[in-house]
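See structure below.
The values are calculated or read from the model by the stated rules, or taken from the named source; none is laboratory data. Not measured: the values here are computed from a predicted model. Here the Cβ is made from the backbone with ideal geometry for all residues, glycine too, and neighbour counts use every protein chain on show.
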Amino acid sequence: MNRRVVRHVDIAICTWNRCEMLAEALTSVCRMRIPAGVTANVIVVDNNSTDGTSRYLEQFASTIGEKVSVKILKESQQGHTVCRNRAIESATGDLMLWTDDDIIASEDWLERYLEFVNNDSDSSFWGSVIEPEFPAGMPRWILENWNELKGCFADRNLGSEPLGFHTNRLPYGANFAILTEIQKQYPFDSLLGRRGDAVMGEDEFDLFRRLLDDGHSGTWIPQAKIWHQIPASRSSQKYVYDYFVGQGRALVANNQGWSQEVGELKSESHSEFRKYKLKRLFSKSNVWVSHMIRSGLARGQWEAIRDSNAK
């Protein structure tokens, strides 16, 4: 087996109005150990931030040390996948390492990836552990329903041993790496992904499944861990509900919707929402959370079908 040698890595982060969290994320990235003979470039794509992010990034770029270089890009078209594709266009290295603006990277994050990638000439992409942290504390209702809700907080751990990916076992977008030459052939679908406050993911899953369908392979790396910071605003019932609205939209985008009847889906969403509001007053959390999830999924589907029909 021929050993791959990665000499240059682009670390891509897209951001929108999270200046303080972005600062923590970039600080952790700059603390990483970088192996001898390897250069690292951080690509930050600012998607119309209005909270001081631009000012912070200018300062960050002017004070960064010699360990890494930095490229700051501004993207006026709103959308996470649009920003991701802008980062891809700018990448010049051998490997793209993707993460988010609300993470803390371990000091050996890059080292762990390179140890594995350089000895894995068969794979085109890799992913690793994402562990959520709740600095303000995890609400009890989330803890009690963690298996149903952990996807809202990008919790991902596929085990302590390397294993291959398949269509139903994939990494999450906050912690994965891909060969740059492959990534440039497979941009993200700009119809998927978050736009501003709209919570709709699935863009990385779509990418990975296209790669697998075309014969590429991917591998789980257990040791390249990051921590995902969950602010109080994202441990609210509103955020969780909006997340499942986004998941409902993703079902339609992936042709996995429950029905094509807007009226039927709308009626179910409203019915489940009323049950959620009522049972929240006297039932155990697992009861009302199930109604909240189903209401959100149904709402996302009827909104997506409505929007599609209006075009």
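Structure notes:
- Residues in segment 8-22 that are more than 18 Å from the chain's Cα centre (by Cα), more than 14 Å from Ser69 (Cα to Cα) and in contact (Cβ under 8 Å) with a residue 12 or more places away in the chain: there are none.
- Residues in segment 1-55 that are in a loop (DSSP other than H, G, I, E, B) and under 25 Å from Thr81 (Cα atoms): Trp16, Asn17, Arg18, Asn47, Asn48, Ser49, Thr50, Asp51, Gly52.
- Single residue of segment 46-70 satisfying the filter (hydroxyl-bearing (Ser, Thr, Tyr) and over 22 Å from Glu107 (Cα atoms)) that is surrounded by the most Cβ atoms within 10 Å (Cβ to Cβ): Thr53
- Scanning segment 141-172 for residues that are within 15 Å of Glu202 (Cβ to Cβ) and either in contact with a helix residue (DSSP H, G or I) (Cβ under 7 Å, 6 or more places away or on another chain) or part of a loop (DSSP other than H, G, I, E, B) (or both) yields Cys152, Ala154, Thr167, Asn168, Leu170, Pro171, Tyr172.
- Residue selected from segment 111-130 under the condition surrounded by fewer than 18 Cβ atoms within 10 Å (Cβ to Cβ), more than 23 Å from the chain's Cα centre (by Cα) and of a type in the set (Asp, Glu), by the criterion farthest from Asp214 (Cα to Cα): Glu115
- Qualifying residue in segment 271-279 (condition: aliphatic (A, V, I, L, M) and buried (at least 18 other Cβ atoms within 10 Å of the Cβ)): no
The rows are residues; the columns are (1) surrounded by 19 or more Cβ atoms within 10 Å (Cβ to Cβ); (2) within 19 Å of Phe188 (Cβ to Cβ); (3) of a type outside the set (S, T, N, Q).
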site	(1), (2), (3)
Arg7	no, no, yes
Arg31	no, no, yes
Asn41	no, no, no
Leu73	no, yes, yes
Gln78	no, yes, no
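- In segment 30-39 there is no residue that is under 20 Å from Val9 (Cα atoms), without any contact (Cβ under 8 Å) to a residue 60 or more places away in the chain and under 17 Å from the mean Cα position of the chain (by Cα).
- Any hit, segment 80-91, residues being at pLDDT below 95, assigned to a loop (DSSP other than H, G, I, E, B) and in the same structural domain as Ser49 (by TED's automatic domain parsing): no
A quick yes/no check of all residues on (1) of a type outside the set (A, V, I, L, M); (2) surrounded by 15 or more Cβ atoms within 10 Å (Cβ to Cβ); (3) under 23 Å from Asn145 (Cβ atoms):
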residue: Ile226; (1), (2), (3): no, yes, no
residue: Arg234; (1), (2), (3): yes, yes, yes
residue: Tyr243; (1), (2), (3): yes, yes, yes
residue: Gly248; (1), (2), (3): yes, yes, yes
residue: Leu251; (1), (2), (3): no, yes, yes
residue: Gln260; (1), (2), (3): yes, no, no
residue: Glu268; (1), (2), (3): yes, yes, yes
residue: Lys284; (1), (2), (3): yes, no, yes
residue: Arg299; (1), (2), (3): yes, yes, yes
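- Segment 185-219, residues that are modelled with pLDDT under 75 and outside any loop (DSSP other than H, G, I, E, B): Arg195, Ala198
- Any hit, segment 238-249, residues being closer than 22 Å to Glu161 by Cα, of a type in the set (A, V, I, L, M) and without any contact (Cβ under 8 Å) to a residue 60 or more places away in the chain: no
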